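Before any comments, here is the structure.
Just so it is clear, none of the values below were taken in a lab; they were calculated from the coordinates. Every value quoted in this text rests on a predicted model; they were computed, and no experiment measured them.
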Amino acid sequence: MPPADIRLVRVLPEHLDFWLALRAEPTSRRFVSSEEDSRESLLKRLMEASGEVTQPQAKSFRWMVEVQGQLAGTVSARELSRTHGRVVIGYMISEAHQGQGVCTRAVGLMLERLFALPFLQRVWLHTLSHNAASQAVARKLGFTHEGTLRAHVVHDGERFDQQHWGLLRSEWRGVPAR
């Protein structure tokens, strides 16, 4: 069961060092490409992301995940299409907080914010085919495995399959109980 005090907080420039450290953790390295890990590129991504889904021009969002007042990870939504009513999400939780339900709860809190947008009909995510933990988060939140793109991504010089998962507004059951 996840800790009771999990919050999404607005991302700030001072979160950059935490995000860099998070991306450098061995678990993260197994699943996330680090090609664009310069301080400058990540700071730019932080500054471009909004924390307010009501901003009419925003196309990407990022929040930091706090557990009992301490940073524990990040969740994001990007490529928001108001025309097509869809957005792609991503998430990363520190090794110290994995396996405790923190990620599922944090992504659920983000989905709650995103589905507050009346035009949003679809949320999707992609994960490497060997990332069982990410797939478990998707399943627990009601996502459907929509397909696998074979040999679709190169990570650390090796080619991997990539799974695509989708969640429709009509399938959203709400944030899982603590």
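Just a few scattered comments:
- For the chain, modelled as a GNM whose springs connect Cα atoms under 10 angstrom apart, the maximal fluctuation among S41, S76, S134 occurs at S41.
- Remark: the stretch 1-116 is approximated by an ellipsoid whose semi-axes, taken from the C-alpha gyration tensor as √(5λ), come to 21, 18, 13 Å, largest first.
- Potential lengthening between E52 and R139 on full extension [0.36 nm per residue; Cα-Cα distance subtracted]: 28.7 nm
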